[in-house]
Amino acid sequence: MSSHVRILGIAGSLRRGSYNQAALRAAKLLVPENSEIDLFQLDEIPVFNEDDEKCPPSSVVEFKKRIRSADAVLIVTPEYNYSIPGVLKNAIDWASRPHGDSAWSGKPAAIMGASLALIGTARAQQHLRQILVTLNLFTLNKPEVIIADAAHRFDENGNLIHEPTKQLIQELLSNLVDWTRRISPALAREASS
């Protein structure tokens, strides 16, 4: 039997009607058998201040705890000005601090994103990949899930209605689960026992 994989899902948008929040909710429904996605909202994470990093607020302590207890991470990002939004970068920074206490290091990760634009979130995803390399996350390369023209991929209630996008998300999650089981020593031990 394959070991259970726990994925922490994070959306880099706070907006109630966010297509990225909707994509993350869709992923939660499309996750492979024997795995799950636990969602974490970034709205309680304050602006990073290095003066506070050794005594972080409770929301940051909880965020780092949830990252550490997850086997993998799924980050869903919008694209703002050719990059990731400040709220996402802020949360990434908090969880990597103080120096030597990063919650990210060694985690398998996957990226996806949604946008109204025809190019989707391609540039933001590329920028996020650069950040994750620096933090020693092991990010999947394929498939790239770039949900362009998002207004036509989701219904008025935020449900993903575009079947090819659903299939792409399923493939991404399946690859993330397989990747996590391959590179995680603890999951490999579970699977072999």
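Things worth noting here:
- Of all residues in the stretch 120-170, those being of a type outside the set (K, R) and more than 19 Å from Q21 (Cα to Cα) number 15.
- Any hit, the stretch 46-61, residues being out of contact with any strand residue (DSSP E or B) (no Cβ under 9 Å at 6 or more places or on another chain), under 22 Å from P108 (Cα atoms), modelled with pLDDT of 95 or more and not acidic (D, E): yes
- Looking only at the stretch 1-47, and only at residues there that are acidic (D, E) and open to solvent by less than 90 Å² (accessible area, probe 1.4 Å), the one that is nearest to K65 (Cα to Cα): D38
- Enumeration of residues in the stretch 54-109 that are in a loop (DSSP other than H, G, I, E, B) and among the aliphatic types (A, V, I, L, M): A70, I84, A103
- Whenever a residue of the stretch 120-138 is without any contact (Cβ under 8 Å) to a residue 24 or more places away in the chain, it has no partner that is part of a helix (DSSP H, G or I) lying with C-beta atoms less than 7 angstrom away and at least six residues away or across chains.
Here's the yes/no breakdown for (1) at pLDDT 95 or above; (2) open to solvent by less than 50 Å² (accessible area, probe 1.4 Å); (3) touching a helix residue (DSSP H, G or I) at 6+ places or on another chain (Cβ under 9 Å); (4) part of a loop (DSSP other than H, G, I, E, B):
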{"residue": "G113", "(1), (2), (3), (4)": "yes, yes, yes, no"}
{"residue": "L118", "(1), (2), (3), (4)": "no, no, no, yes"}
{"residue": "L128", "(1), (2), (3), (4)": "yes, yes, yes, no"}
{"residue": "I131", "(1), (2), (3), (4)": "yes, yes, yes, no"}
{"residue": "P143", "(1), (2), (3), (4)": "yes, yes, yes, yes"}
{"residue": "I146", "(1), (2), (3), (4)": "yes, no, yes, no"}
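The values are calculated or read from the model by the stated rules, or taken from the named source; none is laboratory data. Just so you know, these numbers come straight off a predicted model, no measurement behind them. As a convention, Cβ positions derive from the backbone with ideal geometry for all residues, glycine included, and neighbour counts pool all protein chains shown. With ligands, DNA and RNA removed, areas are computed over all heavy atoms of the protein, side chains included. Shrake-Rupley method; radii C 1.70, N 1.55, O 1.52, S 1.80 Å.
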